[in-house]
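Taking it in order: structure first as structure tokens, then the write-up.
The values are calculated or read from the model by the stated rules, or taken from the named source; none is laboratory data. Small disclaimer: the values here were computed from a predicted structure and weren't measured. We place every Cβ from the backbone using ideal geometry, glycine too, and count neighbours over all the protein chains shown. Keep in mind that these areas ignore ligands, DNA and RNA; they rest on the heavy atoms of the full protein, side chains included. Shrake-Rupley method; radii C 1.70, N 1.55, O 1.52, S 1.80 Å.
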Amino acid sequence: MKKLILMRHGKSSWTDPELDDKDRPLNPRGKAAVPVMAQWLAHRKHLPDTVLVSSAKRTRQTVKRMRGVLPDLPSAEVDESLYHAPPEKMRKRLSQLPKSCETVMLVGHQPGLSALVRKLSDGKVRRRCARAFEHFPTAAAAVLELDIKDWSEIDYHAAEFIDFAMPRELDDSRSG
């Protein structure tokens with residue numbers, strides 16, 4: 001059994017309209033939301049042993065800020081191909097992971113993340129997770145389980161969508 005955490009980067013800043021999209025940093029709301037999500041992941045025991053991120057500044061900052069709560073979070077593997085990647089590109093990258101990886105977190109962008117969740121889970125979700133298909137906001141995380149032994153086996157319609165949270169819904173108890 002493998003576990004996949006798909007997380008959207010924290011809210012990014014638009015204060016400099018001349019800044020290239022890839023170089024936009026997290027804004028104050030994004031900076032505040034990321035540790036909340038890191039606490040939720042820890043509370044729910046969704047802890048990755050591998051972290052993949054797109055090359056955008058905001059995805060890299062998201063993982064860096066998570067380390068304040070999760071100091072043992074593995075170093076992020078920055079992958080240019082994940083920047084605004086469509087589902088098939090993300091699925092292909094995941095299929096290249098070593099068999100030894102058990103839980104992978106991929107920090108990326110919309111609309112690719114929600115499309116990948118739909119394709120992997122065949123649109124079948126637990127009721128508390130269904131809102132991920134309606135809106136996958138910044139810093140939200142979706143967790144899927146795959147009944148596979150090797151990441152090379154990852155395919156559409158083969159995952160179970162087991163958990164989802166967004167920062168604004170979490171309270172201090174992190175009971176999610």
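Which of the residues belonging to region 1-23 are outside any strand (DSSP E or B) and open to solvent by less than 50 Å² (accessible area, probe 1.4 Å)? Spell out the reasoning first.
Filtering region 1-23 for residues outside any strand (DSSP E or B) gives 1, 9-11, 13-23.
Matches in region 1-23: His9, Gly10, Ser13, Asp21, Lys22.
Can you find, within region 68-88, the residue that is least open to solvent (accessible area, probe 1.4 Å) among those that are among the charged types (D, E, K, R) and under 26 Å from Leu19 (Cα atoms)?
To start, the set of residues in region 68-88 that are among the charged types (D, E, K, R) comprises 72, 77, 79-80, 88.
Then drop every residue that is not under 26 Å from Leu19 (Cα atoms), which leaves 77, 79-80.
Working: Glu77: 85, Asp79: 30, Glu80: 108 Å².
My answer is Asp79.
Limited to region 89-112, what total is found for residues that are without any contact (Cβ under 8 Å) to a residue 60 or more places away in the chain, over 14 Å from Lys2 (Cβ atoms) and open to solvent by less than 50 Å² (accessible area, probe 1.4 Å)? Spell out how you get there, then give the answer.
Pass one, region 89-112, residues without any contact (Cβ under 8 Å) to a residue 60 or more places away in the chain: 89-90, 92-93, 95-100, 111-112.
Now narrow it down to the ones that are over 14 Å from Lys2 (Cβ atoms): 89-90, 92-93, 111-112.
Of the ones still in play, those that are also open to solvent by less than 50 Å² (accessible area, probe 1.4 Å) are 90, 93, 112.
Within region 89-112, residues that are without any contact (Cβ under 8 Å) to a residue 60 or more places away in the chain, over 14 Å from Lys2 (Cβ atoms) and open to solvent by less than 50 Å² (accessible area, probe 1.4 Å) number 3.
In region 40-67, how many are over 14 Å from the mean Cα position of the chain (by Cα), open to solvent by 70 Å² or more (accessible area, probe 1.4 Å) and under 16 Å from Ala165 (Cα atoms)?
2
Taking only pairs six or more apart or across chains, which ones have beta-carbon atoms under 6 Å, a first residue in region 1-22 that is under 18 Å from Met90 (Cβ atoms) and touching a residue at least 60 places away in the same chain (Cβ under 8 Å), and a second residue that is open to solvent by 50 Å² or more (accessible area, probe 1.4 Å) and assigned to a strand (DSSP E or B)?
Pairs that qualify, where the first residue is under 18 Å from Met90 (Cβ atoms) and touching a residue at least 60 places away in the same chain (Cβ under 8 Å) and the partner is open to solvent by 50 Å² or more (accessible area, probe 1.4 Å) and assigned to a strand (DSSP E or B), are Lys3/Glu145.
Quick check: anything in region 106-118 touching a helix residue (DSSP H, G or I) at 6+ places or on another chain (Cβ under 7 Å), at pLDDT 95 or above and part of a loop (DSSP other than H, G, I, E, B)?
no
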